[in-house]
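Notes follow the structure.
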Amino acid sequence: MARPTPSQALAVGIAVLIVVGYPMLIGDALRRFEPRAIAWAALAFTAATTAVRALFARPSLQGFLIQYGAGIALLLLVVATNDRLGLLLVPALVNLYLALGTGWTLTTDQSLVERVAAFIQPHIPDFTRPYCRKVTALWALFFGANVIGIAALAFAGEEASWRLYTSRLYFLVITTLTVVEFLVRKIHFRNYSSGVVDRMFSTLFPAKNTAQGRQSQAYLQKMRDLGLKTD
């Protein structure tokens, strides 16, 4: 799988910045400035990042509208109404993008998780594909649920609860899901290497005890015989 282009890497970085930084900054910003002024600043930030991305790749109008259209419309609504609600809906919009983008990959030959796994380890076996699709679906559902939850808190005017969830609980849930998925994956596939963690898992959950574990170990041995890196 090809490495991400500088433009794609920048787009991911911007999305992470919004998800991580926005909820922590918006509360203080709303205490200091009117919603309209914050919306103008966000529009200026969008224009600046678009200009920087254009240095790496010329964006198409269609791609620009898909990535930024809804966000720009939401910010323009805040400019017109000076209503803080639109600013509270920004994280919900970002999660909507994530849900749709993640879910869309389920309609293609490679799900998102499989693409990431193949980028990290080009020699992943075909028998992992169904699992990758299930994990992709799980993340799509997670992001979709966040759209509903964040929007509900915003419309209810529960700003304290909104800030608590979007800035702390959100990442706690992500961390929990990531850890649980790792444990399930290790116990299910039992594809152990020579690392300390894998040695511990191999003692607790021997690969030879399950058909899936034996299949994984046979695949790893085949890759080693071919001189291919699997760690």
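For every other residue with a beta carbon closer than 15 angstrom to the beta carbon of Thr136, add +1 if it is Lys or Arg and -1 if Asp or Glu, then tell me the sum.
Working: positive: Arg115, Arg129, Arg133, Lys134, Arg185; negative: Asp109, Glu114, Glu181.
After counting each charged neighbour, the total is +2.
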Worksheet item: Roughly what would the spin-label model give for Thr49 and Lys222, points 7 Å off Cα along C-beta, in nm?
Response: 4.3
Fill in: Estimated dipole of the stretch 73-231 in Debye, rounded to 20 [Cβ of Lys and Arg +1, of Asp and Glu -1, Cα centre]
660
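Test of understanding: express the Cα radius of gyration of the stretch 86-152 as a ratio to 2.2 N^0.38 Å, with N the residue count. Before the final figure, lay out the partial values.
Numbers: Rg = 13.8 Å, N = 67, 2.2 N^0.38 = 10.9 Å.
Its radius of gyration relative to the 2.2 N^0.38 Å reference: 1.27.
With all pairs of different alpha carbon atoms counted, what Kirkwood hydrodynamic radius in Å does the stretch 68-122 show?
On the way: mean 1/r = 0.0758 Å⁻¹.
After inverting the pairwise mean of 1/r, the radius is 13.2 Å.
Just by accessible area at a 1.4 angstrom probe, what is the order of Ser111, Ser194 from largest to smallest? If you can, show how the numbers build up before the last one.
Details: Ser111 0, Ser194 85 Å².
Largest accessible area first, the residues go Ser194, Ser111.
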Worksheet item: How far apart, in nm, are two points set 7 Å out from the Cα along the Cα-to-Cβ line at Asp109 and at Ala80?
Response: 4.4
Worksheet, complete the sentence: Heavy-atom accessible area of Thr210, protein chains in place, probe 1.4 angstrom, given in Å² to nearest 10, is 40
Fill in: Largest-first principal axis extents of the Cα set of the stretch 183-230 (Å)
28, 23, 15
Fill in: Ile120 paired with Ala156, simple spin-label distance in nm, labels 7 Å along Cα-to-beta-carbon
3.5
Practice prompt. With only alpha-carbon atoms counted, please give the Rg and Dmax of the stretch 73-224, in Å.
Written response: 20.3, 65
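The values are calculated or read from the model by the stated rules, or taken from the named source; none is laboratory data. Note that the structure is a prediction, hence the values are computed from the model and not measured. Glycine also receives a Cβ, built like all others from the backbone with ideal geometry; neighbour counts cover every protein chain displayed. These area figures cover heavy atoms from the full protein model, side chains too; ligands, DNA and RNA do not enter into them. Shrake-Rupley method; radii C 1.70, N 1.55, O 1.52, S 1.80 Å.
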